[in-house]
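Report on the following structure.
Quick note: the coordinates plus some simple rules give every number you see, no bench work behind them. Treat the numbers as computed from the prediction; the structure is a model and nothing was measured.
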């Protein structure tokens, strides 16, 4: 996997957040774990509030899953996971949703196809990052799901983009 290096302005997201062990209910990439449940809740809230939110969405086909690593995440086995969509000029936000602003930075963008997403983190953090001339600029990772290229976890044609903030 070879990354593409891009720069992005502040990223404004609206969505739902979870803190804890995201694999408490089911391990790995599974719709039954806390991340899968978070996506279900987010999609329900988006559908319920579609008329209020639709005009603020940058691209309704693109969804974001942000993994934020607090300093104690590895010791406590707890992470923040935020799922959402990018918005602009947000004037009204349903009470059940949260607004997250990710800082302007450069990203190494890795595209994974099919089941390669299962090994993406190992390739990125154990191989590419240590061998590159880059360091992480922030302690988070974004997984980007574009409805034009992502067709579900079990579909070999699905593509997921991994955004790693770098400096």
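If I build a Gaussian network model for the chain, linking alpha-carbon pairs within less than 10 angstrom, which residue out of 143, 96, 54 has the largest mean-square fluctuation? In the Gaussian network model the winner is 96.
Across 68, 14, 101, mean-square fluctuation computed from a Gaussian network of the chain (C-alpha pairs under 10 Å connected) peaks at 101.
Per Stokes-Einstein, at 25 °C and 0.890 mPa s, what whole-number D in µm² s⁻¹ belongs to the chain, with the Kirkwood radius over Cα pairs as the hydrodynamic radius? Working shown, then result.
Details: Rh = 16.6 Å.
It comes out at roughly 147 µm²/s.
From Cα pairs below 8 angstrom and at least 6 apart in sequence, can you work out the relative contact order of the chain, rounded to a whole percent? Intermediate values should be presented prior to the final figure.
Values: 316 pairs, mean separation 50.6, N = 167.
Value for the chain: 30 percent.
Relative to the longest principal axis of the Cα atoms of the chain, helix 34-48 runs at roughly 30 degrees. GNM on the chain, alpha-carbon springs under 10 angstrom: the most fluctuating residue among 84, 36, 15 is 36.
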